[in-house]
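Some notes on the structure that comes next.
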Amino acid sequence: MYSKTDLNYLSSVTETVAASSPEVAAIINKELERQRDNVCLIASENFTSAAVMAATGSCLTNKYSEGMVGKRYYSGCSVVDEMELFCREKWLEVFGVSETYHVNVQPHSGSQANFTAYTAFLTKGDTVLSMSLANGGHLTHGSPVNNSGKLYNFVHYEVDEEGFIQYDDIAAKLREHNPKLVVAGASSYSRIIDFARIRSIIDEYTAETGNTVFFMADIAHIAGLVVAGVHPTPFGVCDVVTLTTHKTLRGARGGLTFAKKEYAKKIDSAAFPGTQGGPLQHVIAGKAVSAVECLKPEYKTYIENVVANCKVMCDEFIKMGYKVVTGGTDNHLFLVDLTPNNVSGLAVQNELERRGIILNRNCVPGEKRSAYETSGIRIGTAPETTRGFTAEDFVKVAHRIDEAIKDLMAQNN
Ligand code: PLP
């Protein structure tokens, strides 16, 4: 996966760290080996380039820059202003929305990006309509254990028995709950999300009632697919779009919040001083490098391969007789429902880790086990496609997973 230059960089990192702390250098090396020696099928992970890592590890970490470009609360910010502006311009270019959207590149993570959006558009106690964690949404989409669920009144639209979003339920819940914000987006949903359809459902409701409803897309998972044009874009139909830069975008770890230009001020003040202090300018540099990488034609090919590999691997599970949630996939991930196999997601996850395959357990629609144990596993093809896995490689891994599940089933009998 790593070129010679990348490997030189990685060893220079550990050498430099070792000069201060051999213990930390040894742990970093161990993690490098773990990453090298295991197959990674975690749908939310990826392998960044050494350039992204180097920018993230740069001297920009030394600079405080509370505030926004041109309006900082610290002096000496002219260079980081240049960086932040460059980063903003590149991400707007990546999504082709320089004329219509503003982007705030300061959110430290996807969760922070979501809170900038909530802080900008909501007040405490407001009602929000989203997909629940159990059905594939994220913790920050109103889970009672997350501040989103504590600060706002989240209600949820449902998926059907097979796991598909029920768009009619969005229309019904709008009328039942009169939310101020609708959130579309998920952490474990393997099908296309029809943002345009949700937009027209909202428009119909607002024309009928005169109520104002904001529409937010959290494309943390599918952002790369949107860039490559293999998933419909939420831009143009959503007021605010949040994402993480470290999943399918393969970039530095962090978040971005895009909003229609008219909401630029609201979003900026929600990031600072609303929810964060000083921006991480070294991470903003890493995000800028990621944006430049996403603009290269190879990136589109990479994402097309991620999706093609995912379909092939998912089909292999179906051929082997597994129950796949929704019966397939349109994106970079799919869920296997292990209920008919009578093994838990947790047991399979642990057994696979022993065999060098790393993936997540996951709830399935109508989950009967606890969220800790779960009845499913989530499989993603983005990280290993980065490392050059072909469709045949993913088929081989599918059979390794099948062997592990069969062994666990045999132990249960
Ligand atoms: N939104 C979605 C849909 C996610 O899947 C995730 C992370 O998995 C997040 C937000 C939060 O991102 P982070 O872990 O960077 O806070």
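None of the figures in this text is laboratory data; all of them are computed from the coordinates on show. In this text, all values refer to a predicted model and were calculated from it rather than measured experimentally. Cβ sites come from the backbone with ideal geometry, for glycine too, and all protein chains shown count toward neighbours.
A few points about this structure:
- Kirkwood estimate for the chain, i.e. one over the average of 1/r between Cα atoms, Å: 22.2 Å
- Percent RCO, i.e. relative contact order, over segment 300-412, from Cα pairs under 8 Å lying at least 6 residues apart: 30 percent
- Separation of alpha-carbon centers, segment 160-235 and segment 76-106, rounded to whole Å: 26 Å
- Translational D in µm²/s for segment 59-294 (Stokes-Einstein at 20 °C, 1.002 mPa s, Kirkwood Rh from C-alpha pairs): 120 µm²/s
- Positive-end ranking of Val307, Val336, Gly321 along the dipole of segment 300-412, with charges on Cβ about the Cα centre, is headed by Val336.
- Computed from phi, the 3J(HN,Hα) profile of segment 396-409 under the Karplus parametrisation 6.51, -1.76, 1.60 (θ = phi - 60°) reads 4, 5, 4, 5, 5, 5, 4, 4, 5, 5, 4, 4, 5, 4 Hz, with x in place of Gly and Pro.
- Under 5 Å, built H, 5+ apart or other chain: amide partners of Lys323: Asp337
- Antiparallel bridge percentage (DSSP; both residues within the chain; nearest 5): 60 percent
- Within the chain, helix-based [θ] at 222 nm, where runs of 4 or more DSSP H residues each add -39,500 (n - 2.57), nearest 500: -14000 deg cm²/dmol
- Using the Karplus relation 6.51 cos²θ - 1.76 cosθ + 1.60 with θ = phi - 60°, the per-residue 3J(HN,Hα) values for segment 129-140 come to 10, 8, 8, 6, 4, 4, 8, x, x, 9, 3, 6 Hz, with x marking Gly and Pro.
- Think of the chain as a dipole: +1 on every Lys or Arg Cβ, -1 on every Asp or Glu Cβ, centred on the Cα centre; then among Ala26, Thr257, Asn147, Ala26 lies furthest on the positive end.
- Ranked by how many other beta carbons lie within 10 Å on average, peptides 4-16, 368-380, 245-257 from highest: 245-257, 368-380, 4-16
- Max mean-square fluctuation residue, GNM over the chain, Cα-Cα springs under 10 Å, options Gly356, Gly210, Gly67: Gly210
- Our note on the geometry: Cα centres of segment 375-394 and segment 311-348, 13 Å apart.
- For segment 1-75, the spread of Cα coordinates along the three principal axes comes to 47, 34, 22 Å, biggest extent given first.
- Reachable aspartates and glutamates, given that their alpha-carbon falls under 12 Å from the alpha-carbon of Lys406 and they are not under 8 places away in the same chain: Glu351
- Cα-only Debye scattering, segment 90-186: base-10 log of I(q)/I(0) at q = 0.19 Å⁻¹: -0.96
- Over 19 Å apart at the Cα level, from the set Lys260/Lys296; Lys180/Lys260; Lys124/Lys150; Lys311/Lys396, are Lys260/Lys296.
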